[in-house]
Every structure is written in C-alpha cells, then in structure tokens.
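Nothing in this text is a laboratory measurement; each read-out follows from the coordinates by a stated rule. All of these numbers come straight from a predicted model, not from anything done at the bench. Because the Cβ atoms are built from the backbone with ideal geometry, glycine has one as well, and the counts that use them run over all protein chains shown.
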Amino acid sequence: MGPPFLRLRKLYAVVYPKIKDEAPPPISEIHHHHHHQQQQQQYWLKTNHNTDPNGWRCVDRCCWMIGYTCTVWWVVLLLYSSLLHTDVAPDQSPGSRLRREGLRPLHPVVMVPGIANGGLELWEGRPCSEGLFRKRIWGGNLVEIFKRLRCWLEHMSLDNETGLDPEGIRVRAVPGLVAADYFTPGYFVWAVLIKNLARIGYEGKNMHMTAYDWRLSFQNTEVRDQSLTRLKSKIELLVRSNGNKKVVVVPHSMGVLYFLHFLKWVEAPPPMGGGGGSQWCAKHIKAITNISPTFLGVPKAVSGIFSAEAKDIAFARAMAPGILDSGILGLRALEHIMRVSRTWDSIISLLPKGGETIWGNLDWSPEQGYPCDPTKKRFLKSSLTDRVGLANSSGHGKLGLGAEENVHYGRIISFGKMASELRSSKLSMINYKDLPLHKLTQGRSDSEQVWTEYNEMNFDSIKTIVANKVYTTKTILDLFRFVAPKLMRRADAHFSHGIADDLDDPKYSHYKYWSNPLETKLPDAPEMEIHCLYGVGIPTERSYVYKLSPSLGRCKTIPFRIDGSADGSTNGGCLKGGVYTVDGDQSVPVLSAGFMCAKGWRGRNRFNPSGVSTYAREYLHKAPASVLEGRGMESGAHVDIMGNVGLIEDVLRVTAGASGIDLGGDRIHSDVMKISEQVKLRL
Amino acid sequence: MSFLRRRRGSDKPPKEIDESPTEDSAAEDNKNIKKKRPPSAAAEARKKGWSCVNSCCWWIGVICSVWWFLLFLYNVVPSLPQMVTEAITGPMPDPPGLKLRKEGLTAKHPVVFVPGIVTGGLELWEGRPCADGLFRKRLWGGTFGEIYKRPSCWVEHMSLDNETGLDPSNIRIRPVTGLVAADYFAPGYFVWAVLIANLARIGYEEKTMYMAAYDWRIAFQNTEVRDQTLSRIKSNIELMVATNGGKKVVVIPHSMGVLYFLHFMKWVEAPAPMGGDGGPDWCAKHIKAVMNIGGPFLGVPKAVSGLFSAEAKDVAVARAIAPGVLESDLIGFQTLQHIMRMTRTWDSTMSMIPKGGDTIWGGLDWSPEEGYNCNPKSRINDSHVASDAESEKVESASNNVNYGRIISFGRDVAEASSSKIDCIDFRDALKGNNLAHSNASCDVWTEYQELGYLGIKAVADYKAYTAGPLLDLLHFVAPKMMQRGDAHFSYGIADDLDDPKYEHYKYWSNPLETKLPNAPGIEIYSMYGVGIPTERSYVYKLSSYAECNIPFQIDASADGGNGESCLQGGVFLVNGDETVPVLSAGFMCAKGWRGKTRFNPSGIRTYIREYDHAPPSNFLEGRGTQSGAHVDIMGNFALIEDIIRVAAGATGEELGGDQVYSDIFKWSEKINLQL
C-alpha cells in the first residue's frame, strides 16, 4: 500500500512533533472556516515541501487528481442516469400504450436468441479457471477475458474434430430469461421486449427464453444438451398451462435458423427427430415472428471464416480493438479469434445459401442496379426532378446509377479492387483444387501455439488462391474446403448450403438440411404465420476486396486480409474500406432477411406446400437523435432493432392475438420485392 | 487523521502563511510544467477559492486509492485466509464432490431441488409507481437494498391480498427461476450453492439439475392456480427422466419444500382438474428417492409464535433483518405490526402450524420429549459429576418442562401442574369493546384491532394452549387468515384415510392425513441436524395495551437462568436444528412411515440420517462444514456426501441405514398414533 500509507506515517512521525514547537495561533486567525482550511492546506503543502522537497507534492497531486476525476465521473454518471431515466417515459412505451388499448397476454411467447447473444457459463474447467464455476464466461461483464485471456480462449474453444466439448471442459448455456436479456450490463438485447411484454401482463409462466449453446451445430445441441427436446417440452407445457393457446415464437438472428431446424426436427421421427408427429407445428405454433432473420446466410460469415475480419459476426470483433492492443497476445489476436471461432460449427450455418442462384455470379447479382446507400437513394429519388442540381453536385450523382450497375456483388471475395470491377471475360481462372496442398512447408508450421489451418498451407497454394481472383458464393465453399478442411468436414456433416431440386428426395430427411430454407419444406400448418421483421436503411456488408497480408512471410499469420485501402468513389460509394455494401440492417442484407417471406415462401409453392402465410415487415433505420437516447427507439440495426418501438408493437399485437393482416400485411421500405424478382428460383 | 490535520492547521503561526503562497506556487509551477498546471496567478486564485474543494478532492482521492489498493490486495491474495486457516488447522479436507469423484462416482440420477420458505428469490413483474425501475429486480433475496430505500413500498409489494391470498391488483411478484433462484440467498450467503458445486464435480450440470422454484408466499395449491408451478415441476421431471435415459429423479426438498413436495406427490397422481392427472404410478415411474433436508413434516412451533405475535426468531428471515428495520424512522415503532400484516397474508406460513394436535405434540401434562436434558454439556458431563447437586437440580428441572403447552401465559402457568390451571374458555368470548378512538390512528391493519379488550383478556385467561386448542386460538385472533388457511391446509390426524374427503388438496401436505404414493421402489430420507437448542414452546405475556400494538408478546424475562435451563428468554428449548424440533423432522421416518403402515401402504423404505451439529472451529471457516443448523446444514460435508452417493445410484442400505444421535426413536415410541 505504497504512497497513502507512507504518507500517513510521515504525518505522525515527522509533522506532528514539529507542531508542538510552534506557537499557538492567534484566535482571530481561525474564526473563518474557509480561511482556516486554506491555511491548513498551504501549511500542509509547505510542511511536506520542507521535509521532502520532491516526493510529497506529487503524491498529493495524484490523490487530488484521482479524487477530482472520480468526483467528476460520479457527477457525470449521476447526470447521465437521471437524464436517461427521464428520457424514456414508461407511459409512452409501446407496452403501456397497448395495455391502455386493452391488449392482454393471449399466446405464450418463446424467444430464441441468436449467435453470441446468449450467456455461457462454466461448469467444469481447467485449473486456470478456478473460481469461475457457474460464472458467465460469455456475456456479463467479460472481465475475465482480459484477466486471463489465454484461459478464456481455451475454454471458449470447442474440440476441433468433434465440435463438442474439449476434454475436461464444460461450458453451458445460461438458462432462463437472464440468458439474453442483457448481453453486458446496460447493453440490452431482449430486455426491452421482455419489459414491454410484461407491461401487457406477460410473466415468467408465459414467456420462455430458449437456451442453447450457440457455438454448437444445431443438431449437436440436442446430442449434448437435449436442447431441442427441452424446447419441445417447454412449448408443450406453455400451450397446456395457458389454456391451449398456441405459442408465438420470436427468434432473432441465427435463432431463426435454429428454429427452422427445430420445426423440422420436432416432426421428424426419432431417433434423429423429436417424434412429435406431422401435426405438431400446426397444433403448437401460432406464428413465428423472425427478427433480423438470416435465412439465406450473411456475407459477413464468409469474411469471418476466411480472415476473422467480419465486423461483428460475433461480438468478439467489437472487443477486438482491445485485444489487439493487449501485449499478451500481441499481433496474434486475430489468429486466436480465428482459431476459437473456427471451432464453432454454428458459424457455418450463416454462410450464404443458395449459391449463385440467390447471391449472384461473376456478372450478375439480384441487387445490382439498386442503390447501395439508402440515404443516397432518397436523395436520388427526390432529385430526379431536379436534374440540374444533381449534375452540379460534383458529378457524383450522375455517375451513381451507371456505376452501381457495375458493382459485382456476386463476387463475394475478389483479390484486388481491379478484380472486383473487371468483366468476367477478362478474369483468368485457375483451378486451385488440383494443387498439391498442405504439409509441404517448413517455414510456416513449426510453431504451433496458434493453430489455424492456414499454417498447414504452403506459399504456392496461397498464391494460387489469390491468382484465382474472384469467388462467388458457390466457389467460396470450395475455397473453404481447401483452406479449412477440418472445419468444413464438420460443417458438411451438419449444414448444407444448396438448393433442392426435388424436395421429396429421401436424402432431405437428414438433419443437415433442416436449417436451410431452400432444402426443406415448411411444416404442414396452414394456419401458422411467418413474419420477417428486419431493419433497413443501413449499409450492410455484401462482398469483399481482399489482398495478401503484408506479413505473409512470418510464421502464424492469416495470409489474407480485407484490403482496407480499396475505396471507390466511382461506385457510388458502395465500396468502402474494401467492403461493398447494400441495403440491410448492418449485418444482414435485405436479400437474406426478406427473400423467403417476400418470395420464397409467398403463396403456396414447393417450399411452402401448405400455404403458410408470410409477411415482410421492414423498419427504416433512424439513428438516435442524441447521445441520451442510447441506442435509439427507431433503430434498424441488427441488434438494436430489439428496442425499436414499431417492432415491439408488432410483436406485442401478434402475441395478443392479431394476425398479419391485422398488422397491415407487408410493410416495405426497401427494394426487396424487386430484388426478389431478380432471383430466378424455381418455386 | 482528519483530527490531526485540523489541529495542525489551527496551530500554525500566521507568519508562514504569508511566505508560503509565492514560494509554493513558484516551485509548483517549475515542477509541474509538464502536467500543464495553470500559471501562478491562476494557481493562487485557485488556492484561495478552491482549497475546500481541493481538500475534498484530495480526500476522495486518498480514500479511493486506498480502497482500490485493498481491493487489489484482496484479489491478488484471495487464498490468504485459506492459507492462514490451513496453517492453523491443517489442510482442509477435500470437498465431498472431489473426494467422490476420485472414488469414481459420476452423475446418474437427475436431481430436483425444492427450496424452502424464504430461501427462494422473488422478483417484480408489475408494481405500483413507487417501485419504478425495479422491473425484474429481486425484491426478496439478493441484496435487499430496496427494503432500506423504500420500506413501505417494499412491504406493500411483498404482501398478498388478505382475502384471496393471491396478488393484490396491479402487483405481480413472481419467483425467480433456475438454479439462481436459491443458490445464494444474499451475496455470500449460500443456500444450495455448495451442494450444486459438489454435484457439478461429479458431472452434474443444468440439464440434470432442476430447481423447483415456486412462490413460497402463497398456498401450495395456489402456486398451481396462479403460476401452474406444479404442472411445470411435473413436466420438468418428466423431461429430465426422458432425456437421461429413463433414470428416475432424486428429489431434495429443504425445509418447507418438504411439505410442498408432499403436496406435489399427491397432486401429481390425483385426477384433473384438482390434480395433475399423472396416473396412480407416476411417482413410482419418476422418483427414485426423496431426500428431505430439515423437513418440518409435523410443523414447527416457531410458526405459531410467528403468526401469533410476529416474534419467531427466523421463521421468516425478515426477523433477522428486523433490527435494522426497527430502527428505521420511516416505519417507526410499527415495524412488527407491518411485518405481521405482511406475513399474515402469506398463506404458506400456515402449512407449518404444528400438525397432529395433542397426540403428537403433547397435552397439558405430557409431551414426547419430556425428560429431555437441555444442556448438552451437562449431559456429556453426567458421568463425571453424577453426584453434583447442581446437575441434579438441572435434571429435575428439565424433567418438569411441559413442552405440550406451546403457549402459556406467564411462567408460573408454564410450570404449574395441570390441575392448578384454571382454563377459562375463550372460544365464545365476545370480541370488541375497543378502547376509545378505535380505528383512529392505526395505519397498520392487523386483525388484532378487531379483537378488542374483551377478546384479548379472554385469550390470556385461557392460560395454556396445547397444539389442539392452539388452532382455535388462531381462529379466534385471526379469523380471516385462518379462513384462508382452512381452505388450503389441515392439521389433524385422519381416522380413516379412505374417506373420500381426503381427496381434497387441503390434506395433501399433511403426512398424517395422506397416504404415501403406491411406489415401493421409492426411498424417503429424513436428513436433519441435531444438537442445537430449538424453540418448542413459549411463555407469553400481555403487552402494554395500545390500540395499534400487538397485544401479546413473548415474555423474555422468563428465563431459567445460568444458561443450563430449557427456558431461555421466554422460550422452552428442545433438541433440533435451531428451527425444527427433532420430533417434527424425524417422527414420520422413524415411526409414522416405518414399515408398512396405514400412512405408507406400499411399504416405502424410510431412513433417518441425523447430523450432529459442530460449530465452525474458527471464524475463517464461515458457516462450517459440519453444521447442523437448519440452513447451514446445506454446507455439511457429510450430508452432501450422502446426497451425492444417492444421486450416483446408492441406496439407503448402502449409506448405512439410519444414523441417529438424538432420542428420536424413544420419543416416537411415546406417541400413541394408530398406524
């Protein structure tokens, strides 16, 4: 206890005796309190100064500074919290408003959190994790990540062969509403929705948060934890104990795919399925209100797997700046993230599905020709009548439409900006698959502290990959099989990313197809409703410009990275920092979120044989007006949309019994209908 | 330190003040250029104007730094206390989970925990405006910060409706679910956490452990009516059995959870709509063992004093916090009344009123425990000091304790022989005749206000109450509460268990009015601590009567003296676990259900496992690993080991059958109950 303690000692040992020698003060001098204090301070400083000319001041100053900082901090904190409290008036919340309208709980609600939102806690660990038993190692305050980084990484990883627990480590999903109400203190995920549901009368007995380990492949959650069986039992209980009212399911993000998997699983016969019978969904589910659905995958997953660079496929990236700077891991943070996240099978479920038919090929993509920046879109529309003004504005707008047609969104990964813009005829394709790969090198794979499968590749194969220039959603899977064979071996056992030719083919009864809407039929439940609720109006990652990593020669680096310097003014601003963007909710492009509801399942078709009605409801993003508003009440961002009042109102109305028609049917802001028209999918 | 400083300041001669500013600020400026201190003029100004603020800042800084430093030390050396302990007492034994894991035990049967009264957390789902910002925060359990912040709001929300025993309008308080509901009651005060941690060591996790959380304030059947809690427990048990390869569950109820689970076992097999419609063999199919910890099968005397005068020491932990609340100005002197008003709306407390009447708890002149020597020390020393006159005296004194008189008015009544007690019947006594200014100033409503002077006098005139008349007394003083109680609980002994009236749910939590399920494969354990003096009967007095007071209170002046008597502070003590007397915890397994009896027609095997209380040897041990106290026993290593063995597949025989330290078998013999 260095300075303060020493200081104390000093006061007693040195200063006090000295006082005795000094004459008592004239009484007149101390009558004024303020003055008195001042004297005291000055004298005190001086005494210290005299006894130790260099040491004491500094300590005093430090203390003063700390005190000052603390006080200011507290005051600001106090102000902030009080202001926030006044800002969100509970009376105007959708819950209170709808309660006054007379809405009451009718259907039980089942929430299915997405990837990285659910808390994980430790049940058994290595010695380094002592004291963390039943503490959250994911979600919560994340302090442990920084305290024992290596330990944390080790415990968050899964086994690279099986995709299940490593030996001697058990990390399990937190159950209950607390699992995903707040991700970290103050950062809500489901909390706002829960609160508003509670305002119209919901409580623990008619709300259920599905707890599953989001790192595992969907079927493995059943194998290891029986999570699907649990969910089935919970839904049955909810229905039974709430007067046989069917449930409204509210999945978010990857939870959408998880619940698709559940829909198929529950009606499939055991042992692979839940044995619920072919009418289970019809009997138990009123509606599925998918929030920010990732039905057809997200391009972010591609960059995440390829170079661990997706901006927030996991919140891991949000924390990455901190980790990157930490001295412990040094430059390898990204490699560590890659190593850990590549053991998470669930990420594979987010790879784009449907190949080139959906996501476009070298020359074509459904989104081409539509403006990528929604704010600019409105600008364009409004200024179409005012062409002069447009032309005058630096020629930028004029280039706009023409250039946008040239954006090849279908090329999900291009090496170099040039490759992303060239015509396909000018691209030279090399077949890298026949190359003798792996295990040739000495230079790259001796130090194995950080294991990524890139270490097993040699320079030639890396160069060949780059030489191939562009990859579409179809060839990207081959690329992954090439660069990450182990990951993809596990992935291919659990997920499929194609389009079914014949849905009646018996092979589609295998669980690996269940989470792909393009390879499954919806259940035979004509009364069920499927809603797609998602935000629009935010530029969203769609395809990437890559380059070779500059530190390629060194051991244990990821050989590729996004070319952050590739910025395009010629493309109408669609290219920023090496990323081509389209309209979406910051994580999921509208194509993925909206296509199934807008077209893939619309009406009665082969993916939707019983004619389940679907509704697409979009929420235009509106950034919070001020800092005090927090994350905004009209946000359209992937996670922040959970606090969007419009969305909450819709969900509440559905849970209180409204149908999609009652809500007003579709509600479209983006070009999703036109984009969907471009997709030539046999229905 | 502040004293020192202040004195020094005033001692200071004024001369030096004049010199110091210039000198100081100059030196300061030279030194702190890098820190961008303000120029000397500004510095001077600051010193003159801001010195108070500065010294405040300085103090805060010092305090913060010291605090952080200590925190840092504490975090860096977390094992320091442990190291000290180990240096003193030798290495700590392995926790039972680790020890048994080394023996090769692994998770087998899923386990279900049923928490007792007050140990489960309750959270707010809907409240009055005063509870703003507490949505889904714990009102019960956790830090209890809100009691101090807004006590009257808290009391209002924790109370139930006095007519229905359910939620008041616009208030919804619901049990916390999951293992977190009752692992720790307050931070650092474990309830189930130690057991959970040890089970986890042999491989248990969330999917094989289930906390059957329920709202412990409301009547058992109402938990089903309002929250469908019983259906949930049924569904969860079925799920656990199904997902664990058909292995039956081991149920571990604690305290009132024991009664709750008794209720559940009857409910689940009873036909709908009153029951869960699981069919007559549900228990046989789903339950391997019921390991009751500290079970108040036959009720606890503490419940009586709690209901009668809100004075039980810890029937609600509310009493434990009461000292603080008592002093709070906001409620003032009416704290006890507030607590009484609140707890009297909690129907569940009535499940713990002593059951079986005089047959079990003793009459005016006899009780099963009579002859018990209250001082364990002198009991041990008996052999050494047999001739000691003092100990003989104690012996004879304790022989005379009339435990059967659960409430006596006055110490002389408690000790007189029955022929000398002149009982004046109170049942027909008139109520009313309130003193003047009735209902005037009492903002706290307890039913005592309707009792009036005559009623109170009549109650006191009856002198001594045994378990039978006690019920009449409660009916007399608290008719509304008992009206609800009678709808949900029963306290008698069944003459004919096949009487169809016993199909009603109000009998289900009384082991003397129900049959155990037809499941010969089940094992029932009664595990409880012994060796702690436990409340058994009370000496009451009339309190100074005022309109708003509770008219009765325990006569704390009645004391046997010298710490060796059974009577301490107006309470007669007997062997038990500090809350539940041995008789209540052990009788059913020792005799009532032993073998094939009318209460146990299928011959379910019962085992008694007693754990002799040994207080923690030093402060660092916390609540001890050999405690026998009602809640602390959840950290008793021997008990945990027994539970883990059973969960891993052992039977009662393999544990070693009965393990008895008290006189439970002797006392049970004295009870003349038709079996």
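Magnitude of the Cβ-charge dipole of the range A:102-161, K/R +1 and D/E -1, about the Cα centre, nearest 20 debye? Provide the component values of the computation, followed by the final result.
Details: 8 positive and 7 negative charges, 71 e Å.
It works out to roughly 340 debye.
For a quick protection proxy, order the peptides B:507-520, B:276-289 by their average other-Cβ count within 10 Å, most packed first.
Values: B:507-520: 22.3, B:276-289: 19.3.
With the highest mean Cβ count within 10 Å placed first, the list reads B:507-520, B:276-289.
Does the range B:559-653 classify as rounded, prolate or oblate by the C-alpha gyration tensor (a ≥ b ≥ c root eigenvalues; a/c under 1.5 gives rounded; else a/b over b/c gives prolate, otherwise oblate)? Show your work: numbers first, answer last.
Values: a/c = 3.92, a/b = 1.32, b/c = 2.98.
Taking the square roots of the gyration eigenvalues as a ≥ b ≥ c, the range B:559-653 is oblate.
Averaged over its residues, how many other protein chain Cβ atoms are within 10 Å of peptide A:63-74's Cβ atoms?
Numbers: counts 10, 10, 4, 9, 13, 7, 4, 6, 6, 1, 0, 1.
Counting Cβ atoms of other protein chains within 10 Å of each residue's Cβ and averaging gives 6.
At q = 0.26 Å⁻¹, work out log10 I(q)/I(0) for the range B:557-598 with the Debye formula, treating every Cα as an identical point scatterer and leaving solvent out; two decimals please.
Scattering profile of the range B:557-598, log10 relative to I(0): -0.85.
What is the packing order of peptides A:630-636, B:186-192, taking the mean over residues of other C-beta atoms within 10 Å and listing the highest first?
On the way: A:630-636: 21.1, B:186-192: 17.0.
Descending mean neighbour count gives A:630-636, B:186-192.
Which of the peptides B:167-176, A:342-351, B:147-156, A:674-683 is most tightly packed, and how do the rest follow, going by the mean number of other Cβ atoms within 10 Å of each residue? Numbers along the way, then the final one.
Working: B:167-176: 18.4, A:342-351: 24.8, B:147-156: 16.9, A:674-683: 15.2.
Answer by packing, highest mean first, reads A:342-351, B:167-176, B:147-156, A:674-683.
If you take each beta carbon of peptide B:61-70 and count the beta carbons of other chains within 10 angstrom, what is the mean?
Numbers: counts 14, 11, 5, 7, 10, 6, 1, 1, 5, 1.
Per residue, the number of nearby Cβ atoms from other chains is 6 on average.
Give me Rg over Rh for the range B:119-232, both radii from the alpha carbons and Rh done the Kirkwood way, two decimal places. Can you show the working numbers first?
Values: Rg = 15.3 Å, Rh = 15.1 Å.
Here the Rg-to-Rh quotient is 1.01.
What are the ³J(HN,Hα) values, in whole Hz, obtained from phi via the Karplus relation 6.51 cos²θ - 1.76 cosθ + 1.60 with θ = phi - 60°, for each residue of the range B:123-132 in sequence order, with x given for Gly and Pro?
The phi angles translate into 10, 8, 10, 7, x, 6, x, 5, 9, 4 Hz.
Counting only other chains, what is the mean number of Cβ atoms within 10 angstrom of the Cβ of each residue in peptide A:198-207?
Numbers: counts 7, 3, 0, 3, 3, 9, 11, 9, 2, 1.
Mean inter-chain Cβ contacts per residue within 10 Å come to 5.
Considering amide H positions built from the backbone, and no H for Pro or chain starts, which residues 5 or more places from A:Ala268, or on another chain, come under 5 Å of its amide H?
A:Gly274, A:Gly275, A:Gly276
Each residue of the range A:253-264 in order: what ³J(HN,Hα) in whole Hz does its phi give by Karplus 6.51 cos²θ - 1.76 cosθ + 1.60, θ = phi - 60°, with x for Gly and Pro?
Here the 3J(HN,Hα) series is 6, 5, x, 4, 5, 4, 6, 4, 4, 4, 4, 6 Hz.
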